[in-house]
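Okay, structure first, notes after.
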Amino acid sequence: MGCMMMTDLMDAAGTDRGSRMSRQRKRDAVLRLLRGEDLETVSRALGVTAAALSGWRDAFLATGEASLATQLANGEGLECERLKARLGEMLLERELLEVKVAALEGGRPLARRRSRR
């Protein structure tokens with residue numbers, strides 16, 4: 001088996017000082033941490049500092065938490081859903097009233113009221 005040069009090892013890991021890790025590789029690293037792998041072990045395997053890896057994890061978790069909270073805290077979205085539900089209720093009530101009016105009229109239009117003068 002041949003001996004690999006140090007630059008080959010760094011290129012294989014994608015962690016030489018001039019390169020940046022892709023979003024997917026960072027995500028995979030963070031997922032390894034979240035699955036319980038040791039921070040130091042993952043950082044050594046990837047050739048990044050534990051601080052950088054911790055920062056990626058914290059950013060990943062904060063973004064995930066924020067995306068969950070936005071739907072609940074988004075007052076505009078909640079108001080829109082409330083109004084849609086209310087509109088649905090009103091349309092249903094209108095349809096029911098139309099059916100009742102038609103039944104009361106017995107197929108005849110309602111008689112006009114006379115003024116009480």
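The values are calculated or read from the model by the stated rules, or taken from the named source; none is laboratory data. Fair warning: this is a prediction, and the values are worked out from it, not measured in the lab. Cβ atoms come from the backbone with ideal geometry, glycine included; neighbour counts cover every protein chain shown.
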Do we find a residue being on the phi > 0 side of the Ramachandran plot and loosely packed, with under 11 Cβ neighbours inside 10 Å anywhere in region 84-98? no
Options Ala59, Ala69: the member that is of a type in the set (Gly, Ala, Ser), under 32 Å from the mean Cα position of the chain (by Cα) and at pLDDT 80 or above: Ala59
